[in-house]
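The values are calculated or read from the model by the stated rules, or taken from the named source; none is laboratory data. On a predicted model such as this, the values are computed, not experimentally measured, just so you know. Here Cβ is always computed from backbone atoms with ideal geometry, including for glycine, and neighbour counts include all displayed protein chains.
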Amino acid sequence: MANLSRIEVSMQNLIDVFYEYTTADKYTLNKPEMRKLVEVELNQLTKNKKNVEYFDQLFKDLDFDRDGEVNFEEFVSFIAGIMYSCNELYLQKKQQMAKGCKK
């Protein structure tokens, strides 16, 4: 078997994580499953946002079709949003470090 690229490995990991937490017969995440995924897999990003209101709003925002569950498409959108935010923070930090080196 050919070696997978880093992006291919990352994609496989995201797929594996999603299906690890889903309801087996539906392949969707209900609210308790999504909460567990966020608390376990995104612990460092959400450690200061453990309150119920935050999670309820997050789940509502993710459930685009309002069926009470998060499907894979909705999950991928969530991950993309997190990655975008992390990239913004990364760029800000990189710019601050570059300014510090110029002094």
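Things worth noting here:
- Per-region count, the range 61-80, residues in contact with a Phe, Trp or Tyr (Cβ under 8 Å, 6 or more places away or on another chain) and at pLDDT below 90: 1
- Qualifying positions in the range 17-34 - modelled with pLDDT under 85 and either out of contact with any Leu (no Cβ under 9 Å at 6 or more places or on another chain) or not hydroxyl-bearing (S, T, Y) (or both): A24, D25
- When C101 is tested against (1) surrounded by 10 or more Cβ atoms within 10 Å (Cβ to Cβ); (2) on the phi < 0 side of the Ramachandran plot; (3) out of contact with any helix residue (DSSP H, G or I) (no Cβ under 7 Å at 6 or more places or on another chain), only condition (1) is not met.
- Residue among L14, L37 that is touching a strand residue (DSSP E or B) at 6+ places or on another chain (Cβ under 7 Å) and either surrounded by 15 or more Cβ atoms within 10 Å (Cβ to Cβ) or at pLDDT 90 or above (or both): L37
- One residue from Y27, Y90, Y84, Y19 being among the hydroxyl-bearing types (S, T, Y) and either in a loop (DSSP other than H, G, I, E, B) or touching a residue at least 24 places away in the same chain (Cβ under 8 Å) (or both): Y27
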